[in-house]
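One structure is given below, encoded as structure tokens.
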């Protein structure tokens with residue numbers, strides 16, 4: 001079980017408070033009330049994802065952006081009165097579509113989240129915030145990017161009575177994280193992992209730029225993703241062959257790169273000779289500020 005969101009550090013990017021290096025503490029009663037105040041009351045329900053009787057109801061949608069072959073994921077707790085929702089890896093080109101769907105479904109969007117600083121498209125986070133100022137942007141602290149909420153390994157992001165665990169999975173970039181649905185009797189089954197570019201279906205992200213490391217990626221996948229239950233559903237940030245979902249068990253057996261030993265994996269990655277990403281010089285600077293580069297300062 002990963003620790004609760006540590007309140008001995010202030011997660012908001014605009015804060016000037018120093019980070020505490022102390023280990024997570026047991027939350028006292030007054031801290032629990034603070035967590036409730038800091039955690040927006042929202043939620044999610046997903047197609048063919050079951051929850052225990054009387055528990056939150058997960059709504060789930062997988063959305064596609066064809067130019068960069070990017071998947072955006074919408075999750076919401078529709079069993080909660082406010083129907084709180086979040087988007088994982090939104091794309092600027094499809095913000096209107098995504099927000100229209102949120103409106104149609106009667107959801108309250110509270111988070112726009114990125115798994116990492118993308119190099120092949122501009123995140124939709126900034127545009128979403130310009131249209132819905134109450135939505136908070138989320139990215140990992142290790143990415144060194146700007147956002148309202150900077151998360152670290154072990155944090156939990158609540159939307160209603162559902163939550164996502166943050167797992168640090170560097171390797172494609174220094175700041176990659178995987179968001180995993182919660183572990184508990186009132187959380188969705190099977191579990192779901194949103195792996196960004198760290199683990200793709202029958203593949204993985206490249207490791208030759210943005211602080212990438214084949215060693216780190218291999219270790220991240222094997223320690224943080226392949227240790228999840230084998231029926232855990234895997235949802236990547238991209239797919240170029242028409243696949244939509246895989247499982248931990250499938251990728252452990254059939255991933256042509258990550259099913260190998262580490263030395264073979266490194267050799268495979270070193271021989272890819274991939275072209276320079278055509279959007280990188282535009283996308284990375286924009287994504288380092290979560291797509292807020294063209295918005296007026298408050």
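FYI, it's all coordinate maths here, none of it is from the lab. Because the structure is a prediction, the values reported are computed rather than measured. So basically every Cβ, Gly included, is an ideal-geometry build from the backbone, and we count neighbours across all protein chains shown.
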Note to self: Taking the beta-carbon count within 10 Å as an exposure proxy, list 262, 57 from fewest neighbours to most.
What the structure shows: 262, 57
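Going by how many other beta carbons lie within 10 Å of each one, how would you line up 94, 123, fewest first? It would help to have the intermediate numbers written out before the result.
Values: 94 21, 123 30.
With the sparsest Cβ surroundings first, the list reads 94, 123.
Can you classify segment 74-146 as rounded, prolate or oblate using the Cα gyration tensor, where a ≥ b ≥ c are the square roots of its eigenvalues, rounded means a/c under 1.5, and otherwise it's prolate if a/b beats b/c and oblate if not? Show your work: numbers first, answer last.
On the way: a/c = 2.14, a/b = 1.56, b/c = 1.37.
Verdict is prolate for segment 74-146.
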Next item on the list: First measure r as the distance between the Cβ atoms of residue 253 and residue 183, then evaluate 1/(1 + (r/R0)^6) with R0 = 22 Å and state the FRET efficiency to the nearest 0.05.
Entry: 0.40
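Looking at segment 36-282, what % of its DSSP beta bridges pair antiparallel, to the nearest 5?
Numbers: 29 of 44 bridges.
If I count the DSSP bridges inside segment 36-282, around 65 percent turn out antiparallel.
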Margin query: Could you tell me the center-to-center distance, by alpha carbons, between segment 133-194 and segment 215-270 in angstrom?
Written below: 19 Å
Notebook entry, point to check: According to a simple spin-label model (label point 7 Å from Cα along Cα-to-Cβ), what is the distance in nm between residue 279 and residue 69?
Noted result: 1.3 nm
Next item on the list: Please report 163, 265 as a ranked list, fewest other C-beta atoms within 10 angstrom at the top and most at the bottom.
Entry: 265, 163
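What shape does segment 138-291 have by the C-alpha gyration tensor, where a ≥ b ≥ c are the square roots of the eigenvalues, rounded means a/c under 1.5, and otherwise prolate means a/b greater than b/c and oblate the rest? Intermediate values should be presented prior to the final figure.
Values: a/c = 1.80, a/b = 1.11, b/c = 1.62.
Verdict is oblate for segment 138-291.
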Notebook entry, point to check: Taking only C-alpha pairs under 8 Å that are 6+ residues apart, what is the relative contact order of segment 36-282 in percent?
Noted result: 16 percent
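Apply the a/c threshold of 1.5 to the C-alpha gyration tensor of segment 211-255 and tell me whether it is rounded, prolate or oblate.
On the way: a/c = 2.13, a/b = 1.19, b/c = 1.79.
It is oblate, given that a/c is not under 1.5 and a/b is not larger than b/c.
Could you give the length gained by full extension between residue 209 and residue 223, i.e. 0.36 nm per residue of separation minus their alpha carbon distance, to one decimal place?
Working: separation 14, 0.36 × 14 = 5.04 nm, distance 2.22 nm.
Result for the pair: 2.8 nm of gain on full extension.
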